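First comes the structure, then the notes that go with it.
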Amino acid sequence: MRSWMRFGIRFGIVIAMLVVPLAGATGVQAADPLVVSIWGGNWKDTVERIVAKPFTAKTGIPVEFEVGGTIDRLAKARVAKGNPLVDLNFTTSHVARLYISDGLYAPLDMAKLPNAKELAREALRSEYHIGSWAYVYTVVYRPDLVKEDITRWSDLWKPSLKGKIALPDFDPSHIITIAALMEGGNELTWEKGQERLRQLKPSIVAFYSTDAQSQDLMKTGQAPVQVMLTVNAYHLQEQGIAVKVVQPADYPGIVGIDTMAVMAGTKRADAAHQFINMVLSKEIQSQLVESLRAGPVNVGAAVPAKLKGQPGIFTTPAEWKERGYIMNDEARAKTLPAWREWFTANIVKK
C-alpha cells in the first residue's frame, strides 16, 4: 500500500513538472513581441525610448523593430502579404497609399483609439492610417557660407547660388511641386514646372538619398543650401551647426505627415492599436516633439518655446492651413515613379 502511495506521489510530481513548462510556454506565447516597422537611426531610437519602453512597462508586451528604408520595407511587406512579418508600420502618408492599394493594411478600429479625438484634422489620413507627427521640406541654408538672405523658394534660382544647392533624389516631389506652383500648376499638373526645374540644374552641386547624407553635405559646406527635412535642420542646430530654416514667403513648405497603421493579417492587432493610441496621447506627443523636433498631431501637446512658430511645427488649425502645403496623397503615391524617372533623366544626369 505504501509503495503504491509512493508511486502515486512520484507520478504526481512528474505530472506537475510537465505541467509547469507547459504553463510557462503559454505565458511566453501571451507575451509574444509586437513587431514595429520603422526607419532606422534617430527615428527608431526615439520611438523605442519614448513609446516602446513605457508600452512594455504598461502592458507587459515586448516590442521589437524591423528597420529599413521606406521603399525597401514596402517591398518586404508585399512579399509577406497575408502573413506579415510585422504588426504595425510607420511610413509617410503618401507611401501608405501604396500599402492600402495593395491590401496590406487593416482598417483601424477607432473605438480602440480614444486619443484620436484630440488630433488635428490633418492627422486623420484615411480609415487605414493615422498621423504620428509632422514636418515640412523647405529651404535650409548656412548664413556663414551664403551671404545673402534666402526668404523665398524663388531665391533658389538666383545665379549667386550656382553650385551650392543639394536636393533629395529618392523623392523629388517637393521641388517638382514647388516648380509647378511657380508656373501656375500643382502636383496634378506637374509638367508645368519642368522647364523651370531645368533652369535650376546649374545651381545643383549634389543629390542625397538619406538623412545622414543631407546633414553631412550641410556640415561640410559642400552644399550649404538645401531642400531639407526640418527635423534634420533642427537636429543640426542642436549640434551647433548654424543653419537657417526658411518659412518661404511665396509658397509654404511641403508638408510630410508620417503615419501608423496595423498590418492586415497580424495576430497582434489589439496590441498594435494600444501602441498607436499611446503614440497619440498628449503626454507622448509632447515628448516626441521635444526629442524629434517634429510637429505634434495632438493639439494638446506641449511645444518647447524654441520650436513654436518654426516651419513644420503646427499648433493651430490656422497654422496647418497657412504654413504648409499638403499634397494630394493618392496622386503623389501614384505619380512618384514618373517623377523619379523624369527627375533622374533630366536633372540628376549630367
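Taken together, the values in this text are just the output of simple stated rules run on the coordinates, not laboratory data. Keep in mind the model is a prediction, meaning the values are calculated, not measured. Backbone-built Cβ (ideal geometry, glycine too); neighbour counts: all protein chains shown.
Filter 76/321; 158/350; 58/112; 158/219; 164/349; 44/334 down to the pairs with a C-alpha to C-alpha distance above 25 Å, please.
Violating the 25 Å Cα-Cα cut-off are 76/321; 44/334.
Can you give the translational diffusion coefficient of the range 163-241 in µm²/s, computed by Stokes-Einstein from the Kirkwood radius over Cα pairs at 37 °C and 0.692 mPa s? It would help to have the intermediate numbers written out before the result.
Details: Rh = 13.2 Å.
Translational diffusion coefficient: 249 µm²/s.
What residues qualify as long-range amide H neighbours of residue 241, i.e. H under 5 Å apart, gap of 5 or more or another chain, H built at 1.01 Å from N?
Placed amide hydrogens put nothing under 5 Å from residue 241.
Between residue 102 and residue 147, what's the calculated FRET efficiency when r is the beta-carbon distance and R0 is 35 Å? Round to 0.05. If you can, show how the numbers build up before the last one.
Numbers: r = 49 Å, r/R0 = 1.40.
Step by step, r from the Cβ atoms, then E = 0.10.
What aspartates and glutamates does residue 81 reach when the alpha-carbon gap must be under 15 Å and sequence neighbours fewer than 8 apart in one chain are set aside?
72, 102
Long-range amide H contacts for residue 105: which residues qualify at under 5 Å (H placed 1.01 Å from N, peptide plane, sequence gap of 5 or more or a different chain)?
So residue 105 has HN proximity to 264.
May I ask you to give the average projected area over all directions of the convex hull of the Cα atoms of the chain, in nm² rounded to one decimal? Display every interim value, and only then the final one.
Working: hull surface 88.3 nm².
Seen from a random direction, the Cα hull of the chain projects 22.1 nm² on average.
Per residue, how big is the convex hull of the range 288-350 when only Cα atoms are used? Give it in Å³. Numbers along the way, then the final one.
Numbers: hull volume 9.0 nm³, N = 63.
Enclosed volume per residue, from the Cα hull, is 142 Å³.
Based on DSSP H assignment, which helices of the chain show an axial Cα extent of at least 30 Å together with a mean Kyte-Doolittle hydropathy greater than or equal to -0.5? Before the final figure, lay out the partial values.
On the way: long enough: 2-30 (42 Å, 1.10).
Helices passing the filter in the chain: 2-30.
Could you grab the Rg to Rh ratio for the range 196-244? Cα atoms only, Kirkwood for Rh. Write out the running numbers ahead of the final one.
Details: Rg = 11.4 Å, Rh = 11.4 Å.
Taking Rg over the Kirkwood Rh, I get 0.99.
Determine Rg/Rh for the range 217-350; Rg is computed over alpha-carbon atoms and Rh is the Kirkwood hydrodynamic estimate from the same atoms.
My calculation of the ratio gives 1.01.
Quickly rank 271-277, 339-345 as a protection proxy: mean count of other C-beta atoms within 10 Å, highest first. Each step should come with its number before you reach the end.
Working: 271-277: 21.0, 339-345: 15.1.
Ranking the peptides 271-277, 339-345 by packing returns 271-277, 339-345.
Report the net charge of residues surrounding residue 213, where surrounding means a beta-carbon distance below 12 angstrom and charges are Lys +1, Arg +1, Asp -1, Glu -1.
Values: positive: 219; negative: 169, 211, 216.
Overall, the nearby charge balance is -2.
Can you put 146, 140 in order of Cβ neighbours within 10 angstrom, beginning with the fewest? Mind dumping the intermediate values first?
Numbers: 146 17, 140 26.
Ascending Cβ contact count within 10 Å gives the list 146, 140.
222 nm [θ] for the chain, helices only, -39500 (n - 2.57) per DSSP H run of 4+, per residue, to 500? If you can, show how the numbers build up before the last one.
On the way: 13 runs with 140 residues, N = 350.
My calculation for the chain gives -12000 deg cm²/dmol from helical runs alone.
Just report the Cα centroid separation between the range 143-190 and the range 261-324, whole Å.
Here the answer is 28 Å between Cα centres.
Just the projected area, averaged over all directions, of the convex hull on the alpha carbon atoms of the range 89-177: how many nm²? Write down the numbers at each step before the final one.
Values: hull surface 33.9 nm².
Value for the range 89-177: 8.5 nm².
From the C-alpha coordinates alone, can you work out the Kirkwood hydrodynamic radius of the range 19-164, in Å? It would help to have the intermediate numbers written out before the result.
Details: mean 1/r = 0.0529 Å⁻¹.
Result for the range 19-164, one decimal place: 18.9 Å.
How high is the relative contact order of the chain, in percent, with contacts defined as C-alpha pairs under 8 Å that are six or more residues apart? Show your work: numbers first, answer last.
Working: 590 pairs, mean separation 86.7, N = 350.
Once normalised by length, the contact order is 25 percent.
Obtain the radius of gyration and the Kirkwood radius of the range 58-128 from its C-alpha atoms and give Rg over Rh.
Details: Rg = 13.5 Å, Rh = 13.8 Å.
Rounded to two decimals, Rg over Rh is 0.98.
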